[in-house]
Amino acid sequence: MGRLRLKETLLVLGMVLLVISFIPSTLVSDVGDVEEGSYFGYLFQGETNPYITIEVWHDRNISFFIVSLEDSFRFIDGEPIEDLTILFSLENINEYSGIPDLGAPGKYFIFITTGSDIVLYTLVISRSLPHFWVLMSGLVILSLDLSIHLFQLSKSRKSVKNH
Amino acid sequence: MPENRKDIFNSIRLERNISYPFPTIVSIVSIFIIVAAYSILGIGRYNMSFYLSPGWNSTAITEKLVESVNTVSSRAIAFPILDFVYVVVLLVPLLIAFNLAQGYSNGQMRTLLSYPIRRRTVLLLKSGLVILLVSSSGTLGVLFSLLYFFPFSISLNSFLILIATFWISVSLIASTCTLLAVVSRSARITAFVGMGLWMVALSDLSMPYTHPLLRYPLFPIQVAVSYIDSSVSVFFREQTTLFDVIFGSGSALILSVALLILSVFIFKRQEI
Amino acid sequence: MKNIISISGITKTFGEIKALDEFSLEMEPGIFGLIGPNGAGKTTLLRILLGLARQDKGTAEILENETSGDPLRYLKQIGVLHENPYFPPSMTPRQYLDDIGSLYPTSVPAEDLLSMVKLLDAADRKIGHLSAGMHRRLGIAQALVGKPKLIFLDEPTSNLDVSGRDLVVKLIVKMYQKDDVSFFITSHILSELERACHNVAFINAGKMVERGSIQELVQKHTQKRFRVITSDSWTLEEILSETEGIVDVFVDSSTSIIVEVTSDLLTGIESQLKELVKGTDVKIYGIETTGTLEDVYRKVITHA
């Protein structure tokens, strides 16, 4: 009885984690404008490397860089970019979509700037799907459930044979 | 003749086995985990951003940034808890209707009261287990999702305030439905009137124009969220203080205890 | 012998309806049957005895405890099977008996109870999957779980087949003889009460209309009833129904007829009957006194 409950609980929990691992999640979604010498900073927190999409309007270009929370404080305090540990950066791009390797989990800042006049852009940072750790936990739990099921099956076959 | 601890423990085990067979518990916990995860995953939209124009004031921005970083996990708890309230006002009346009110018509109450269990124990166990199951499922859901999506960033203070007010809100909704079940002795009335009353209250009385003396005791969770997350306070155009949270939670707790005492009083005199 | 149930002048009304009207009863240890038609007040009486309802007037005591006081004093010493009990469909009989057994100071192990009611094979099946008969047998088992001194059984044999009913009657008698457990039984199936009970009472419209031992009651109410073994019961019925002094005639089979006579005909009944059929083809082979609890029921309830 106890094992049956454990088996069913694991199945439900595993399925729940699978469902959760596919829930879309936007960390940042913004349409902003930035001009030469200015920066737009966005704080985001990710347990895995995020999926970033940037589109710049009217064939203009922007640059962006991603730093850790500690470095962002230093940058705000006036430290030059060269002294910071840049985790990921791209210069003079019109559009970008991809998953930069940040060594997540952690809290990060993305700073957007431009070399030209006012530039309008759309920024979307999403958690990459499926949510890796949730999916992995779900799969581990379901595998455990399957192992228990197979173990029970082989045990019951053996007992039928012996009978 | 007081019941000893063993008797109470045995009664709890019996009630759990009667009213909460295995899939019910797992389903309820699953609902809360999914809602919590869904809400927490959505809070990224509320993350902070700022503009640095040449010659920016680094001190002001740093202060704003620190505050934002510190409140992100509190918000991560606040959002699922606000969503939970909608699940609770649907789930709790249904659970009380099936586990308590239906007992009058299907013979469960008559059978149970023919065993050596006090009426008071039966009633308090039935509503108490609903409170315990729903509240602990919600707490588990929040903890589970926080560990996944905001690991090691839980602000204990905010967590305790929000979870405590969540438990009190569940108790208030459950005790209202318990009284309804005992008075009406009907599962249908308990479920529909219970859900209806709380839905109407939630959509109408939780609005800013309702006087705080009525709103705070009815929705202590809203007061707590407003205290933790300033964006809710902006909506209410009010500064929520810790005193408001204590007043709302305290009066809601007193109200739910009073409703339960009244339910026990009626139930003890009822003919089954 | 001390009474285990004492009921004195209990009255209970529901609006205009008097469910119990100055009802009094005393029961000594043994097997007692309460008989009455639907709506006679049996279940109301049971509810009052169990503390589930309150009487308007009168007092009731179970095992020397007032029912209006703390019911826990006597609920630990009694077992109950309601007419329509609720057993959680998702639990197994073994689990349920274990759980409710833990509520009593001492309890019979689930295994023993299930074997007693021949339900051991279904011990680990969900209650919701049991047949109506099995459900009833589980009801008997749960009434026995707390090693009670007194057991209330409301229609214990409903939904049971012949062997199931036989099992229950034998179990009741055995438990009384071996373990000194007393039973308060209400049932419509009078043949079983007749087999099991020492004393019975008839209740009608909330009033006690008759009580006593089965033997006394049958003798009292059926001494003028006879079974006549004849060659042609239908013709004999025609003859007797026109005869003065015959109260009731009932054709039992083609060769047997039940006759109830007045006191005047009681002496020399066989010769008087033979006299009546003289000159016809009908032959009377024998005559015997007859009477069952059912006859008493007809007399005290139906004819009343």
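Pairs meeting the criteria (first residue in the stretch A:63-75 and charged (D, E, K, R), second residue open to solvent by less than 10 Å² (accessible area, probe 1.4 Å), beta carbons under 7 Å, at least 6 apart or on different chains) are lacking.
The residue that is modelled with the highest pLDDT, counting only those in the stretch A:16-27 that are open to solvent by 10 Å² or more (accessible area, probe 1.4 Å) and more than 8 Å from chain B (Cβ to nearest Cβ), is A:Leu18.
If you go through the stretch C:37-59 and keep only what is in contact with a Ser or Thr (Cβ under 8 Å, 6 or more places away or on another chain), open to solvent by less than 40 Å² (accessible area, probe 1.4 Å) and closer than 24 Å to C:Ile214 by Cβ, you end up with C:Lys42, C:Leu46, C:Leu49. Would you say C:Ile31 is aliphatic (A, V, I, L, M) and in contact with a His (Cβ under 6 Å, 6 or more places away or on another chain)? So C:Ile31 fits the description; yes.
For the stretch C:60-82, which residues satisfy the criterion of being part of a loop (DSSP other than H, G, I, E, B) and either at positive phi or open to solvent by 30 Å² or more (accessible area, probe 1.4 Å) (or both)?
Answer for the stretch C:60-82, where residues must be part of a loop (DSSP other than H, G, I, E, B) and either at positive phi or open to solvent by 30 Å² or more (accessible area, probe 1.4 Å) (or both): C:Leu63, C:Glu64, C:Ser68, C:Gly69, C:Asp70, C:Pro71, C:Lys76, C:Gln77.
Among the conditions (1) more than 24 Å from B:Leu123 (Cβ to Cβ); (2) within 7 Å of another protein chain (Cβ to nearest Cβ), the only one that B:Arg13 does not satisfy is (1). If I go through the stretch B:239-270 residue by residue, how many of them are open to solvent by less than 50 Å² (accessible area, probe 1.4 Å) and outside any helix (DSSP H, G or I)? The qualifying residues number 2. For B:Ile28, state whether it is within 14 Å of chain C (Cβ to nearest Cβ) and either touching a helix residue (DSSP H, G or I) at 6+ places or on another chain (Cβ under 9 Å) or surrounded by fewer than 21 Cβ atoms within 10 Å (Cβ to Cβ) (or both). No; evaluated as a whole, the condition is false for this residue. Going by the conditions given, is B:Val232 at pLDDT below 85, of a type outside the set (Ser, Thr, Tyr), part of a helix (DSSP H, G or I) and surrounded by 12 or more Cβ atoms within 10 Å (Cβ to Cβ)? Here the answer is yes, as B:Val232 does meet what is asked. Of the residues making up the stretch B:76-85, not a single one is within 14 Å of chain A (Cβ to nearest Cβ), hydrophobic (A, V, I, L, M, F, W, C), surrounded by fewer than 17 Cβ atoms within 10 Å (Cβ to Cβ) and assigned to a helix (DSSP H, G or I).
Does A:Gly138 satisfy the criteria of being at pLDDT 85 or above, closer than 30 Å to A:Gly14 by Cα and either loosely packed, with under 14 Cβ neighbours inside 10 Å or within 12 Å of another protein chain (Cβ to nearest Cβ) (or both)? Before the answer, list the steps.
Details: at pLDDT 85 or above: yes; closer than 30 Å to A:Gly14 by Cα: yes; either loosely packed, with under 14 Cβ neighbours inside 10 Å or within 12 Å of another protein chain (Cβ to nearest Cβ) (or both): yes.
Answer is yes for this residue.
Is there a residue being within 13 Å of another protein chain (Cβ to nearest Cβ) and within 22 Å of C:Phe183 (Cβ to Cβ) anywhere in the stretch C:111-128?
no
Of the residues A:Asp71, A:Asp77, A:Asp33, the single one that is touching a helix residue (DSSP H, G or I) at 6+ places or on another chain (Cβ under 6 Å) and of a type in the set (D, E, K, R) is A:Asp77.
Checked against the criterion of being surrounded by 19 or more Cβ atoms within 10 Å (Cβ to Cβ), assigned to a loop (DSSP other than H, G, I, E, B), of a type in the set (A, V, I, L, M) and in contact (Cβ under 8 Å) with a residue 12 or more places away in the chain, the candidates B:Ile173, B:Ile117 yield just one match: B:Ile117.
Residue count for the stretch C:84-113 satisfying the condition of being closer than 15 Å to B:Phe9 by Cβ and basic (Lys, Arg): 0.
Residues checked against (1) within 13 Å of chain B (Cβ to nearest Cβ); (2) farther than 27 Å from C:His188 by Cα:
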residue: C:Gly36; (1), (2): no, no
residue: C:Gly39; (1), (2): no, no
residue: C:Gly51; (1), (2): yes, no
residue: C:Gln55; (1), (2): yes, no
residue: C:Gln95; (1), (2): yes, yes
residue: C:Pro109; (1), (2): no, yes
residue: C:Ala132; (1), (2): no, no
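The numbered conditions (1) in contact with a helix residue (DSSP H, G or I) (Cβ under 9 Å, 6 or more places away or on another chain); (2) outside any strand (DSSP E or B) are all true for A:Lys107 except (2).
Within the stretch A:108-129, the residues that satisfy the criterion of being of a type outside the set (A, V, I, L, M), open to solvent by 20 Å² or more (accessible area, probe 1.4 Å) and in contact with a Pro (Cβ under 9 Å, 6 or more places away or on another chain) are A:Ser126, A:Ser128.
When B:Ile33, B:Ile61 are screened for being more than 19 Å from A:Ser72 (Cβ to Cβ) and crowded, with 17+ Cβ neighbours inside 10 Å, only B:Ile33 passes. On inspection, A:Leu6 passes the criterion of being more than 9 Å from chain B (Cβ to nearest Cβ), in a helix (DSSP H, G or I) and open to solvent by 40 Å² or more (accessible area, probe 1.4 Å). Taking each residue of the stretch B:31-57 that is more than 9 Å from chain A (Cβ to nearest Cβ) and looking for partners that are at pLDDT below 85 and surrounded by fewer than 15 Cβ atoms within 10 Å (Cβ to Cβ) with beta-carbon atoms closer than 9 Å, six or more apart or interchain, yields B:Tyr46/B:Ser231. The listed residues are C:Lys178, C:Lys174, C:Lys170, C:Lys149, and the only one of them that is in contact with an Asp or Glu (Cβ under 9 Å, 6 or more places away or on another chain) and surrounded by fewer than 21 Cβ atoms within 10 Å (Cβ to Cβ) turns out to be C:Lys149. Residues of the stretch C:94-142 that are within 17 Å of C:Lys76 (Cβ to Cβ), of a type in the set (Gly, Ala, Ser) and either open to solvent by 10 Å² or more (accessible area, probe 1.4 Å) or in contact with a strand residue (DSSP E or B) (Cβ under 9 Å, 6 or more places away or on another chain) (or both): C:Ser102, C:Ser107.
The values are calculated or read from the model by the stated rules, or taken from the named source; none is laboratory data. Just so it is clear, the model here is predicted, and its values are computed rather than measured. All Cβ positions, even for glycine, are placed from backbone atoms using ideal geometry, and neighbour counts span all protein chains on display. Accessible surface is based on the protein model in full, side chains and every heavy atom, while ligands, DNA and RNA are left aside. Shrake-Rupley method; radii C 1.70, N 1.55, O 1.52, S 1.80 Å.
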